[in-house]
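The values are calculated or read from the model by the stated rules, or taken from the named source; none is laboratory data. Please read these numbers as outputs of a predicted model, since none were measured by experiment. Neighbour counts run over all protein chains shown; Cβ positions are idealised from the backbone, glycine included.
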Amino acid sequence: MTKYIFITGGVVSSLGKGIIAASLGKLLRARGFSVINQKFDPYINVDPGTMSPFQHGEVFVTDDGAETDLDLGHYERFTDTSLGKLNNVTSGSVYQHVIKKERRGDYLGGTVQVIPHITNEIKSRINGATKQFKPDFQLIEIGGTVGDIESLPFVEAIRQFKAEAGIGNAISIHCTLLPYLPTSGELKTKPSQHSVNVLRSYGIQPEILVCRTTKPIPKTEKEKLALFCSVPKEAVIECRDMKSIYEVPLALENQNMAHVVLDMLRIEDKHADLKGWETLVERIKNPKKTLKVAIAGKYTKLSDAYISVVESLKHAGYANDAAIDIKWINSEECLDDTKCKELMKDVQAVVVPGGFGIRGIEGKLNVIKYARENNLPFLGLCLGMQCAVIEYARNVVGLKNANSAEFDENAQYPVIDLMLEQKNVHAYGGTMRLGAYDCVLKKGSKAAKAYGKEKISERHRHRYEVNNEYLKQIADAGLVFSGMSPDGMLAEVVELPQLDWFVACQFHPEFKSRPERPHPLFKGLIDAAVKK
Ligand code: GLN
């Protein structure tokens, strides 16, 4: 029988609830239990696929093609479990479903209301995921902070769910912040007490309190929190700021958090195998070198916009005992050759990540030209690969104004064009080529060597592709198409074999990298940079 753990937040947003949920997931996985995480997002967008990365950060894509919240990336990386459509629920998707049923007449003339119709739909999303994954533990995180108007239906749904599940089958964890007042030299517990009171006013008494803090929590303050918030002392867990997010599971394990959770859920504790993770954290804390890696993109003001790319680079760094120092380059600043050279001269590798729209494209082309001409290890992701093909077509093949139809519908040489299946698509939400597709790698290519196999599956999110009319001409000029869809119709990977590492892919490898198992293409990039 699946046991449920609900995670809410209070006092402030951006507490790192996602990391806490992922870390607890990791601790349960380390004990051999199966775990899935779910994220409930109170906004009205049906999914984050249509939201600007500036507002929402990265859109994480699952194998089954869902465009989801970036917390799913943390969940997958920590628990090494592949999630999907059912793991991210938004108010928009819940309302959309209920309204569709209402229009169909399913409610037989009844008044459709938040309670019970919306809350029932939310509960059915919990049960749906249980049915699909049959996990030992299901961890459900509610976005935002308790007290927000928009998250109320979710909070009410978990109140009902907990009551229906019965004692010992569902618990809730509340995450708060203990602010530090330098003038009195104290960590203050009052905001947490108030936050628990808000949660109680909705009928939920948390079983566990996780307190974010910059300083160790004195025993007296822990006791105070336990007393006022009605949780056992051992259930007041300290979560201090750490250098690396991957240290969090170990910090929680040191306080027996998983043991406390299991006890409350009436499951016997088991030995936790955290050896691999401990070795990983040792490596993270003791790098032997530092590599400066540039990310040349458009959303460089918000690092969350490329969070999986950054994590993947770090993972590849860990495998090389190297710390990765990211140099954010706004590609719009690379229009000028000398400026581009100036910006690139102190970096050991460069990534051109995915993106949409024309802004910053010419600068990205300049960055790629620099990497190609100076043998600087380069990895292109999705739009980054499309730019690599455009750059090669323009500057090596001699197709002077080669471009993508995305940026110039009337391009003289549209070397990147809209995919056939996209020609009649007009709506934006969830309509790209999304999710896992197979790809066949060329024997002996850099990509095949990195993967150690020729048949791979990777996640996609794009509308445009390499225009096959130009494939032969570009290949004849030396760019190797080293990965194709199994039917040979879609170019998936390109590379320049004579360079140390010049590889670009139409898919998003960053979604499948794991801290203990870096993605082969990121590892290839960092290995090449280290060797240099
Ligand atoms: N804009 C490009 C396309 O739609 C690339 C998308 C991406 O980088 N994810 O094909």
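Scan the stretch 224-232 and tell me whether some residue there is surrounded by fewer than 21 Cβ atoms within 10 Å (Cβ to Cβ), of a type in the set (K, R) and either touching a helix residue (DSSP H, G or I) at 6+ places or on another chain (Cβ under 6 Å) or closer than 30 Å to L525 by Cα (or both).
No: the stretch 224-232 contains no residue that is surrounded by fewer than 21 Cβ atoms within 10 Å (Cβ to Cβ), of a type in the set (K, R) and either touching a helix residue (DSSP H, G or I) at 6+ places or on another chain (Cβ under 6 Å) or closer than 30 Å to L525 by Cα (or both).
Could you please give the count of residues in the stretch 432-446 that are touching a residue at least 24 places away in the same chain (Cβ under 8 Å) and surrounded by fewer than 14 Cβ atoms within 10 Å (Cβ to Cβ)? Break it down stepwise before answering.
Restricting attention to the stretch 432-446, the residues satisfying the condition of being touching a residue at least 24 places away in the same chain (Cβ under 8 Å) are 432-442, 445-446.
Within this subset, residues satisfying the condition of being surrounded by fewer than 14 Cβ atoms within 10 Å (Cβ to Cβ) are 438.
Number satisfying all stated conditions: 1.
Kindly establish whether Y413 is touching a residue at least 40 places away in the same chain (Cβ under 8 Å) and either within 16 Å of the ligand (Cβ to nearest atom) or surrounded by 24 or more Cβ atoms within 10 Å (Cβ to Cβ) (or both).
On the way: touching a residue at least 40 places away in the same chain (Cβ under 8 Å): yes; either within 16 Å of the ligand (Cβ to nearest atom) or surrounded by 24 or more Cβ atoms within 10 Å (Cβ to Cβ) (or both): no.
Taking the combined requirement at face value, the residue does not satisfy it.
Here are some residues: I307, I368. Which one is modelled with pLDDT of 95 or more, more than 25 Å from P515 (Cα to Cα) and either crowded, with 24+ Cβ neighbours inside 10 Å or within 16 Å of the ligand (Cβ to nearest atom) (or both)?
I368 is the lone residue from the list that is modelled with pLDDT of 95 or more, more than 25 Å from P515 (Cα to Cα) and either crowded, with 24+ Cβ neighbours inside 10 Å or within 16 Å of the ligand (Cβ to nearest atom) (or both).
Identify the residue in the stretch 36-59 that is among the β-branched types (V, I, T) and part of a loop (DSSP other than H, G, I, E, B) and, among all such residues, is nearest to I19 (Cα to Cα).
Here the answer is V59.
Would you pick out the residues in the stretch 466-523 that are surrounded by 19 or more Cβ atoms within 10 Å (Cβ to Cβ), charged (D, E, K, R) and under 18 Å from the mean Cα position of the chain (by Cα)?
Of everything in the stretch 466-523, those that are surrounded by 19 or more Cβ atoms within 10 Å (Cβ to Cβ), charged (D, E, K, R) and under 18 Å from the mean Cα position of the chain (by Cα) turn out to be E510, K512.
Any residue in the stretch 441-456 that is closer than 25 Å to V61 by Cβ, part of a strand (DSSP E or B) and of a type in the set (F, W, Y)?
no
Have a look at S184, S195, S172 and point out the one that is over 30 Å from L280 (Cα atoms) and either part of a helix (DSSP H, G or I) or in contact with a strand residue (DSSP E or B) (Cβ under 7 Å, 6 or more places away or on another chain) (or both).
The conditions single out S195.
Residues in the stretch 400-410 that are assigned to a loop (DSSP other than H, G, I, E, B) and either within 13 Å of the ligand (Cβ to nearest atom) or under 13 Å from E362 (Cα atoms) (or both): how many?
Total satisfying the criteria: 6.
Only residues in the stretch 340-354 that are more than 21 Å from A322 (Cβ to Cβ) and away from the ligand (no atom under 16 Å from the Cβ) count as the first member; pair them with residues that are hydrophobic (A, V, I, L, M, F, W, C) and not in a strand (DSSP E or B), Cβ under 6 angstrom, at least 6 apart or cross-chain, and list the lot.
So the pair list comes out as C340/C334.
I'm checking my understanding of the structure. Among residues of the stretch 462-482 that are assigned to a strand (DSSP E or B) and more than 16 Å from the ligand (Cβ to nearest atom), which one is farthest from G429 (Cα to Cα)?
Looking at residues that are assigned to a strand (DSSP E or B) and more than 16 Å from the ligand (Cβ to nearest atom), I get V480.
So which residues in the stretch 67-125 are of a type in the set (A, V, I, L, M, F, W, C), part of a helix (DSSP H, G or I) and under 29 Å from H460 (Cβ atoms), if there are any at all?
Within the stretch 67-125, the subset of a type in the set (A, V, I, L, M, F, W, C) is 70, 72, 78, 83, 86, 89, 94, 98-99, 108, 112, 114-115, 118, 122.
Imposing the further condition that a residue be part of a helix (DSSP H, G or I) reduces the set to 72, 78, 86, 94, 98-99, 114-115, 118, 122.
Within the stretch 67-125, L72, F78, L86, V94 qualify.
Restricting the search to the stretch 371-387, which residues are more than 12 Å from the ligand (Cβ to nearest atom) and assigned to a helix (DSSP H, G or I)?
A371, R372, E373, N374
Under the condition of being in contact with a strand residue (DSSP E or B) (Cβ under 7 Å, 6 or more places away or on another chain) and of a type in the set (A, V, I, L, M, F, W, C), which residue from the stretch 424-452 is farthest from the ligand (Cβ to nearest atom)? Give the steps one after another, and end with the answer.
To start, the set of residues in the stretch 424-452 that are in contact with a strand residue (DSSP E or B) (Cβ under 7 Å, 6 or more places away or on another chain) comprises 430, 432-442, 445-448, 451.
Adding the requirement that they be of a type in the set (A, V, I, L, M, F, W, C) leaves 432, 434, 436, 439-441, 447-448.
Values: M432: 6, L434: 10, A436: 15, C439: 16, V440: 20, L441: 20, A447: 18, A448: 23 Å.
Only one residue tops the list, namely A448.
Identify, by number, the condition in (1) at pLDDT 95 or above; (2) in contact with a helix residue (DSSP H, G or I) (Cβ under 7 Å, 6 or more places away or on another chain) that G147 doesn't meet.
Tallying (1) at pLDDT 95 or above; (2) in contact with a helix residue (DSSP H, G or I) (Cβ under 7 Å, 6 or more places away or on another chain), G147 fails exactly one: (1).
Do we find a residue being of a type in the set (D, E, K, R) and touching a Lys or Arg at 6+ places or on another chain (Cβ under 9 Å) anywhere in the stretch 145-155?
Looking through the stretch 145-155, none of the residues is of a type in the set (D, E, K, R) and touching a Lys or Arg at 6+ places or on another chain (Cβ under 9 Å).
Yes/no per residue for (1) farther than 30 Å from S195 by Cα; (2) crowded, with 21+ Cβ neighbours inside 10 Å:
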site	(1), (2)
G18	no, yes
Q38	no, yes
D41	no, yes
N45	no, no
S82	yes, no
T90	no, yes
V98	yes, no
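Does the stretch 216-239 contain at least one residue that is polar (S, T, N, Q), out of contact with any Ser or Thr (no Cβ under 9 Å at 6 or more places or on another chain) and under 25 Å from G18 (Cβ atoms)?
no
Of a type in the set (A, V, I, L, M, F, W, C) and out of contact with any His (no Cβ under 6 Å at 6 or more places or on another chain): does that describe L250?
So L250 fits the description; yes.
So, of the residues in the stretch 393-410 that are more than 12 Å from I474 (Cα to Cα) and more than 33 Å from the chain's Cα centre (by Cα), which turns out to be surrounded by the fewest Cβ atoms within 10 Å (Cβ to Cβ)? Steps first, answer last, please.
Going residue by residue through the stretch 393-410, those that are more than 12 Å from I474 (Cα to Cα) are 400-401, 403-410.
Remaining after also requiring more than 33 Å from the chain's Cα centre (by Cα): 400-401, 410.
On the way: K400: 10, N401: 12, N410: 7.
Filtering the stretch 393-410 for residues that are more than 12 Å from I474 (Cα to Cα) and more than 33 Å from the chain's Cα centre (by Cα), the one surrounded by the fewest Cβ atoms within 10 Å (Cβ to Cβ) comes out as N410.
In the stretch 439-498, which residues are within 19 Å of S513 (Cβ to Cβ) and among the β-branched types (V, I, T)?
I456, V493
Is it fair to say N330 is away from the ligand (no atom under 16 Å from the Cβ), at positive phi and not acidic (D, E)?
no
Taking into account only those residues within the stretch 266-304 that are more than 21 Å from A349 (Cβ to Cβ) and modelled with pLDDT under 95, which is surrounded by the fewest Cβ atoms within 10 Å (Cβ to Cβ)?
K301
When V397 is evaluated against the numbered criteria (1) more than 14 Å from the ligand (Cβ to nearest atom); (2) free of Cβ contacts under 8 Å to residues at least 40 places away in the same chain, which criterion, by number, is the only one it fails?
Of everything listed in (1) more than 14 Å from the ligand (Cβ to nearest atom); (2) free of Cβ contacts under 8 Å to residues at least 40 places away in the same chain, V397 misses just condition (2).
Out of the residues in the stretch 493-527 that are β-branched (V, I, T) and away from the ligand (no atom under 15 Å from the Cβ), which is farthest from A448 (Cα to Cα)?
I526
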